[in-house]
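The values are calculated or read from the model by the stated rules, or taken from the named source; none is laboratory data. Everything numeric here is computed off the predicted structure, so don't read it as measured data. Don't worry about glycine lacking a Cβ; one is built from the backbone with ideal geometry, like all the others, and counts go over all protein chains shown. These area figures cover heavy atoms from the full protein model, side chains too; ligands, DNA and RNA do not enter into them. Shrake-Rupley method; radii C 1.70, N 1.55, O 1.52, S 1.80 Å.
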Amino acid sequence: MSETIGSKNIASTSLRLKVGLAEMLKGGVIMDVMNVEQARIAEEAGATSVMALERVPAMIRAEGGVARMAKPSLIKQIIQAVSIPVMAKARIGHFAEAQILQELGVDFIDESEVLTPADEAHHIDKHAFTTPFVCGARNLGEALRRIAEGAAMIRTKGEAGTGDVVHAVQHMRQIVKEMKALTVLSEQELYAAAKDHQAPYELIRMVAQAGKLPVPNFSAGGIATPADAALMMQLGAEAIFVGSGIFMKERATPLDVENDPKEREEAVSRAKAIVIATTHYNDPKILAEVSEQVTGTMKGLAAAAIEESQLLQTRGW
Amino acid sequence: MTEPRTLPRIGVLAIQGDYAAHADALAESGATPVEVRKPEELEGLDGLILPGGESTTMLKFLEKRHFFDALLQFCAQHPVFGTCAGAILLAREVRNPSQRSLGLLDAVVERNAYGRQIDSSILTAETSLPGGPLEMVFIRAPRIAATGSTVEVLARRDGDPVFVRQGKIMAATFHPELSTDRRVHRAFVDTLLATTGK
């Protein structure tokens with residue numbers, strides 16, 4: 001890849017615009033929503049963006065089956081309902097789903113391990129699209145491979161749908177540690193580092209010079225409370241994705257925000273609290289206040305109790 | 001070496017958005033950036049930048065802890081520069097949809113008026129700033145649909161104002177913080193120095 005990316009010295013107009021939108025989302029919360037009412041709650045609570053999908057990860061995990069791109073009619077309804085950017089997920093490698101999402105006017109496409117992968121060898125060539133992509137990563141090499149393919153934003157994978165933040169922490173610490181390690185290497189050592197990380201040399205060199213990824217680095221996967229959001233921000237995340245944490249009650253049951261005012265209120269309180277915690281991640285006084293205001297938390301599933309074969313994070317490479 | 005001088009301290013509203021890019025741009029333009037997340041953090045600042053991001057998110061925070069009133073009071077007295085979402089916050093009237101705003105800039109601003117992300121663009125156009133055409137990065141940009149008589153238009157796109165000044169207030173619907181050209185931030189710092197007499 002000959003072009004350089006990031007906010008400076010950028011050659012490609014397309015990449016600059018893609019990374020530009022990711023820049024606008026920094027410091028905010030992107031919320032998974034399954035219907036128009038949830039999208040409205042997210043916007044009212046101060047979300048910077050919503051991710052339109054038919055089932056949040058906790059439900060996909062509980063119900064099984066093939067998880068695909070959301071129905072176009074649902075995505076269109078959500079686009080109509082809110083003024084903030086709308087994201088949607090495509091299966092790993094499923095570039096036709098991505099083409100459809102771009103055509104629908106989705107602002108960001110998440111090539112996501114939460115859906116059932118469509119290709120076991122290839123991720124989507126994201127340079128071929130005008131719409132920006134976000135991709136998950138567990139380590140620096142994976143992040144840089146996605147960036148080489150054209151991703152304009154990286155998010156830690158964590159373990160989606162669990163409400164257990166342990167893997168989001170592990171992946172963020174891993175990426176930050178590997179970036180720090182590159183900054184102390186000499187120029188000659190960077191070639192071997194590129195081989196070790198299985199990532200393009202040019203991108204390894206950019207990280208070694210800047211000490212950070214050339215695109216924004218957000219966090220996702222298991223974030224369920226204001227404290228979780230603050231933890232990820234303090235560990236170096238530039239914004240937060242919340243999936244099942246806001247609208248789920250039990251393992252596979254969402255809060256009934258359309259018919260039950262009390263459950264709607266609970267979802268609103270969780271959403272608002274996580275938004276405030278993400279902005280004031282370094283202010284324990286405010287974090288204590290908002291944590292107190294939350295009226296409930298998703299029950300969750302300990303990530304350590306999940307069998308290796310059932311992990312979503314190992315999808316993609 | 002020139003004689004040591006205290007650089008102006010300019011706040012950047014850091015609720016959410018590309019405030020870090022603005023802070024870098026200010027540091028490169030002869031000012032000391034200060035992140036502002038709470039109303040009390042406005043105290044002692046010489047000016048303020050309202051960055052790009054989501055104006056709806058920023059408003060949620062401004063509606064708490066008397067932040068809106070504190071910001072209104074600060075911006076009425078000090079130089080302020082809003083880009084994209086920041087320009088929306090400064091406007092007299094906001095459309096598509098209608099939402100609350102500070103009302104300090106005599107302009108009507110329409111949100112997401114050029115379309116969605118696929119319609120975002122980078123253009124180069126003439127401005128009133130010396131130094132030739134200026135690169136302008138538009139991301140899900142708002143449109144300035146109307147301006148009052150005291151608003152000076154510094155640049156246009158297809159006839160619509162995209163960069164304006166009204167006394168101590170500057171606003172742009174594009175993102176100068178995402179370009180390497182620092183003329184816009186320098187112009188803001190110069191305006192600030194001229195009005196504060198620093």
Check your understanding: Which residue out of B:Pro130, B:Pro97 is over 23 Å from A:Thr131 (Cα atoms) and away from chain A (no Cβ under 14 Å)?
Key -> B:Pro130
Revision key, fill the gap. In the set B:Gly53, B:Gly115, B:Gly86, the lone residue that is open to solvent by less than 20 Å² (accessible area, probe 1.4 Å), within 12 Å of chain A (Cβ to nearest Cβ) and part of a loop (DSSP other than H, G, I, E, B) is B:Gly53
Review point. How many residues does segment A:167-176 hold that are open to solvent by less than 70 Å² (accessible area, probe 1.4 Å) and either more than 13 Å from the chain's Cα centre (by Cα) or at positive phi (or both)?
Key: 5
Revision key, fill the gap. Pairs returned, first residue in segment A:119-138 that is farther than 25 Å from A:Glu178 by Cβ, second residue that is assigned to a strand (DSSP E or B) and of a type in the set (A, V, I, L, M), beta-carbon separation under 9 angstrom, 6 or more apart or interchain, are A:Phe129/A:Ile109; A:Thr131/A:Ile109
Practice item. Could you tell me whether segment B:149-162 includes any residue that is at the interface with another protein chain (Cβ under 10 Å from one of its Cβ atoms), β-branched (Val, Ile, Thr) and over 14 Å from the mean Cα position of the chain (by Cα)? Key: no
Review point. Of everything in segment A:177-199 that's open to solvent by less than 40 Å² (accessible area, probe 1.4 Å) and of a type outside the set (D, E, K, R), which residue is farthest from A:Gly245 (Cα to Cα)?
Key: A:Leu190
Check your understanding: Any idea which residue in segment B:1-11 is modelled with the lowest pLDDT, counting only those that are closer than 19 Å to B:Thr195 by Cα and hydrophobic (A, V, I, L, M, F, W, C)?
Key -> B:Leu7
Check your understanding: Only one of B:Ala31, B:Ala27 is open to solvent by 10 Å² or more (accessible area, probe 1.4 Å) and not hydroxyl-bearing (Ser, Thr, Tyr); which?
Key -> B:Ala27
Point to revise | segment B:61-76, subset assigned to a loop (DSSP other than H, G, I, E, B) and touching a Pro at 6+ places or on another chain (Cβ under 9 Å), residue most open to solvent (accessible area, probe 1.4 Å) | key: B:His66
Practice item. Please give the helices (runs of 4 or more DSSP H) falling wholly within segment A:215-317 in which 2 or more residues are in contact (Cβ under 8 Å) with a residue 24 or more places away in the chain and within 13 Å of chain B (Cβ to nearest Cβ). Key: A:226-234, A:261-279, A:284-293
Check your understanding: Can you pull out the residues in segment A:44-70 that are open to solvent by less than 10 Å² (accessible area, probe 1.4 Å), touching a helix residue (DSSP H, G or I) at 6+ places or on another chain (Cβ under 7 Å) and assigned to a loop (DSSP other than H, G, I, E, B)?
Key -> A:Gly46, A:Ala47, A:Thr48, A:Val56, A:Ala67
Exercise for review: Could you tell me whether A:Asp164 is more than 14 Å from chain B (Cβ to nearest Cβ), crowded, with 19+ Cβ neighbours inside 10 Å and of a type in the set (D, E, K, R)?
Suggested key: yes
Check your understanding: If you take just the strands (runs of 3 or more DSSP E) that sit entirely in segment B:120-198, which of them hold at least 2 residues that are surrounded by 23 or more Cβ atoms within 10 Å (Cβ to Cβ)?
Key -> B:134-138, B:160-166, B:169-172
**Study point:** Filter result (open to solvent by less than 10 Å² (accessible area, probe 1.4 Å) and either of a type in the set (D, E, K, R) or touching a helix residue (DSSP H, G or I) at 6+ places or on another chain (Cβ under 9 Å) (or both)) within segment B:89-106
**Key:** B:Leu89, B:Leu90, B:Val94, B:Leu105
Point to revise | Boolean, A:Ser219 is open to solvent by less than 10 Å² (accessible area, probe 1.4 Å) and of a type in the set (S, T, N, Q) | key: yes
Review point. Can you name every residue in segment A:132-176 that is closer than 23 Å to A:Glu308 by Cα, among the hydrophobic types (A, V, I, L, M, F, W, C) and touching an Asp or Glu at 6+ places or on another chain (Cβ under 7 Å)?
Key: A:Cys135, A:Leu140, A:Val165
